[in-house]
Each structure stands twice: as C-alpha cells, then as structure tokens.
Number of protein chains: 2
Amino acid sequence: MKKLTDEEIEKKLGSLEGWSYTDEGIQTSFEFENFKEAFTLMTRIAFEAEAMDHHPNWTNVYNTLEITLSTHDAGGVTAKDFKLAKAIEDIVNAE
Amino acid sequence: MKKLTDEEIEKKLGSLEGWSYTDEGIQTSFEFENFKEAFTLMTRIAFEAEAMDHHPNWTNVYNTLEITLSTHDAGGVTAKDFKLAKAIEDIVNAE
C-alpha cells in the first residue's frame, strides 16, 4: 500500500465532507446527541474497520468523537484511509 | 458531587491497579490482543458507564486503550470517577 502524496491527499479530501489533513493523518470529528448515540456509531464503524483490517485512531468524550486515519506500515496516508473514511461518512450519514 | 483533594485521590488510587493521577484526571491504559478484543472491552465498559451516567474520556488505537476519568461538573476527580475506575478494573480482570 503506497503512501499518497500531499497533492493526492488534498485532491481525495474533496470527495469527503469535513475531513482535514494534518501531520497525524486525515482527521474529522463528530458531535452526537449523547454518549449512547456516539458509541452506537462507533460500534458500526468498528465492525467496518475490522472487516477492512484497517483501524482508526479515535477519541470519544461523551457525545464527541475525533477520528484520525493513517497507515502505520506506509508511514502516511494511503487509499486504505480514504476507503475507511468513506465508510465512516456513509455510516454517519445513514443516521 | 464533591471534588476530592489530592490527598484523598492518592489514597483511593491505592485500591486500584495501574492508575495514576494527572492534571486531566485519573488515567490508565490497557493493551489487548487485537482491535476486536479492545473494542469488546470498550463495549462492556460503555454499558457500565451509561448505566452510571458517568462517561470516560478514552482513546483507542488498534489494540491499545487509554482512559482518563474526571468529573466535568466538579472540575476535578470525584468518587464517581473511582466508582467507574473500579468497574473498568472488574471488567478487564474478568477476561
């Protein structure tokens, strides 16, 4: 899995909503109604991530969820991160 | 819910294993076999936290889980945090 260039990453970010590119990877955050809603979404995302064998770096505090995606083995952001980001977007938008 | 003093916190930490006290609250971290195990434990903890109406600040990266507990309304660490910490310890030790 090849690390994407900054240019490729910026271009791909255009197809997602509310994600940004930082030194840590591609990032987004969500605010849900309460903890139960946040954890419900996390559970759906967890199953997708496990099926993809690609996992998020994520932090949950009550109703908030911050997600950072990067590919450790590639030392940067790869197509796998965008695939998971798209899956996360679909899960959250399906609410 | 009254904020505990530093002395009270240090004393109560003695009854837990592997927790420390920082500016952010009381903290611990776990390392599980893989993501599936980590998220399974998180799910058990999530149900306990929701039942207590007291929620963790937690970060998961693959098989690791970092947890910080504090009581926002009290501006510090309270007995509620130690109750949740004990529940977390029991859940993890039950594995």
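Could you tell me which trypsin sites (Lys or Arg not before Pro) in chain B are loop residues by DSSP with no more than 12 other beta carbons within 10 angstrom of their beta carbon?
Details: sites: B:K2, B:K3, B:K11, B:K12, B:K36, B:R44, B:K80, B:K83, B:K86; in loops: B:K2, B:K3.
In loop regions of chain B (DSSP not H, G, I, E or B), the sparsely surrounded trypsin sites (Lys or Arg not before Pro) are B:K2.
Counting only whole DSSP H helices of chain B, the ones at least 18 Å long by C-alpha along their axis and with mean Kyte-Doolittle hydropathy no lower than -0.5 are B:35-52, B:79-93. Segment A:71-95 and segment B:20-95 have Cα centres separated by 26 Å.
Tell me what the protein assembly as shown gives for mean residue ellipticity at 222 nm when only DSSP H runs of n ≥ 4 count, each as -39,500 (n - 2.57), the sum divided by the residue total, rounded to 500 deg cm²/dmol. Before the final figure, lay out the partial values.
Details: 6 runs with 82 residues, N = 190.
Per the formula, -14000 deg cm²/dmol.
For A:S29, A:S70, B:S20, the sequence from fewest to most other C-beta atoms within 10 Å is B:S20, A:S29, A:S70.
Other residues within the sphere of radius under 11 Å centred on the Cβ of B:T68, judged by their own Cβ, net out at -4 (K and R +1, D and E -1).
Strictly greater than 19 Å: what percent of every Cα pair in segment B:6-93 meets that?
Details: 1304 of 3828 pairs.
Roughly 34 percent, rounded to a whole number.
Ellipsoid semi-axes for the protein assembly as shown, based on the Cα gyration tensor and the rule √(5λ), read 33, 16, 16 Å when sorted largest first.
Tell me, what is the percent relative contact order of segment A:6-93, built from C-alpha pairs under 8 Å that lie six or more residues apart?
Details: 110 pairs, mean separation 27.3, N = 88.
Computed over segment A:6-93, the figure is 31 percent.
Which lysines, if any, have their Cα less than 19 Å from the Cα of A:K83, not counting same-chain residues under 8 positions apart? Here the lysines satisfying the reach criterion relative to A:K83 are A:K2, A:K3, A:K11, A:K12. A cut-off of 5 Å between modelled amide H atoms, ignoring neighbours fewer than 5 places along the same chain, links B:T71 with B:G76, B:V77, B:T78.
Rule-based calculations on the coordinates, nothing more; no lab input. The shown structure was predicted, so the numbers you read here are calculated from the model rather than taken from an experiment. Neighbour counts are summed over all protein chains in view; Cβ atoms, including those assigned to glycine, are modelled from backbone coordinates with ideal geometry.
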